[in-house]
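Following: one structure in structure tokens, then a few remarks.
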Amino acid sequence: MKGDAMEQAGIFDGDILIVDRSIRASSQKIVVAILNGELLIRRYTDTGVKKLLSAENKKCADIEIDALASFAVWGVVIYCIHATL
């Protein structure tokens, strides 16, 4: 993990994430997503009408996924290993 976008979910900068690509992404799962060529770790929400990627940090805005965007869920985060310094 790089960055502070998911701190309130207990995922911190430098942590190692275990990602399962066989799990289908569903609403409220934390996912590794590719949006317009950028890898993001966010909470995924699919309301049927719109799809959102939400950070667990108030400093980061939600991202609404435009229908024309290049978007894919790469995998679902199933475990976080906290880095020790």
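Annotations
- Within segment 67-85, the set of residues being of a type outside the set (Gly, Ala, Ser) and either free of Cβ contacts under 8 Å to residues at least 40 places away in the same chain or surrounded by fewer than 17 Cβ atoms within 10 Å (Cβ to Cβ) (or both) comprises Leu68, Phe71, Trp74, Ile78, Tyr79, Ile81, His82, Thr84, Leu85.
- Scanning segment 55-66 turns up at least one residue that is farther than 14 Å from Met1 by Cα, of a type in the set (A, V, I, L, M, F, W, C), in contact (Cβ under 8 Å) with a residue 12 or more places away in the chain and not in a loop (DSSP other than H, G, I, E, B).
- Any hit, segment 34-53, residues being open to solvent by 50 Å² or more (accessible area, probe 1.4 Å), among the β-branched types (Val, Ile, Thr) and modelled with pLDDT of 95 or more: yes
- Verdict on Gly10 being small (Gly, Ala, Ser) and under 14 Å from the mean Cα position of the chain (by Cα): yes
- The condition of being among the basic types (Lys, Arg) and in a loop (DSSP other than H, G, I, E, B) holds for only one of Arg42, Arg24, that being Arg24.
The values are calculated or read from the model by the stated rules, or taken from the named source; none is laboratory data. As the structure is a computational prediction, the values presented were derived from the model and not from experiment. Here Cβ is always computed from backbone atoms with ideal geometry, including for glycine, and neighbour counts include all displayed protein chains. With ligands, DNA and RNA removed, areas are computed over all heavy atoms of the protein, side chains included. Shrake-Rupley method; radii C 1.70, N 1.55, O 1.52, S 1.80 Å.
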